[in-house]
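Where a number appears in this text, it was derived from the coordinates with a stated rule and is not lab data. The structure displayed is predicted, hence computed values, not measured ones. Reconstructed Cβ throughout: ideal geometry from the backbone, glycine too, with neighbour counts over all protein chains shown.
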Amino acid sequence: MPSNTQLNIGKRGYVSEKNRVLFNPNFSNITDKYIKVSLELQRVFGLRREESLKIKPHLADKKDCLQLQPSWCKGGCGRNVPIRTDEQRYWLNQAKEIAGFDSPINGGPTSKQLSPVQKKLDHQARMVITELLGHSRKSNN
């Protein structure tokens, strides 16, 4: 196996050489409420994308901080993020409002127990997750 030097791969840098932060991103054109809330959670709490997709806002909300479970975080290291602003509280509440309920395997209602409105929300959430995780299939119709 050739070495990194032989392949002209430079040494790994541990200090950023440029700031990649987006200041005041404009999310107004995003129409999907799930994606918008996910992006806003990333922005106001500094969450990684995967964290904002895996978070269970009802479990994470500890009044004065956002408690991220290890299974949601990079490297399996959970962490607490302080809730310091009204904007953080607003977006966390928005996430709690649209997050819905636990899956049946985690004690949530079965499909037969859902109302028609809940079934529609459940289906929409599943389609968003399927798309975000790259599991969607093109239809032949």
Open item on the list: Nothing charged except the Cβ atoms of Lys and Arg (+1) and of Asp and Glu (-1): what's the magnitude of the dipole of the range 26-99 about its Cα centre? Round to the nearest 20 debye.
Closed with: 200
TODO: Name the long-range amide H neighbours of Leu66: under 5 Å, sequence gap of 5 or more, or other chain; modelled H, no Pro or chain starts.
DONE: Val81, Ile83
TODO: Would you please classify the overall shape of the range 21-121 from the alpha carbon gyration tensor, given that a ≥ b ≥ c denote the square roots of the eigenvalues, rounded means a/c under 1.5, and beyond that prolate means a/b larger than b/c while oblate covers the rest?
DONE: oblate
Task: Residue among Ile129, Tyr90, Pro57 farthest towards the positive dipole end of the chain, charges placed on Cβ - done: Ile129
Open item on the list: 5 Å is the cut-off here: which amide hydrogens, built 1.01 Å from N in the peptide plane, fall below it relative to Gly108, excluding neighbours closer than 5 in sequence?
Closed with: Ser103
TODO: Among the listed pairs Lys18/Lys54; Lys74/Lys119; Lys63/Lys120; Lys36/Lys63; Lys62/Lys119; Lys96/Lys119, give every one whose C-alpha distance is greater than 26 Å.
DONE: Lys18/Lys54; Lys74/Lys119; Lys63/Lys120; Lys62/Lys119
Task: Exposure rule at most 12 other beta-carbon atoms within 10 Å, DSSP loop trypsin sites (Lys or Arg not before Pro): the chain longest free segment - done: 85-136
TODO: Could you give the size of the charge dipole of the chain about its Cα centre, using +1 on the Cβ of each K and R and -1 on the Cβ of each D and E, expressed in debye and rounded to the nearest 20?
DONE: 280
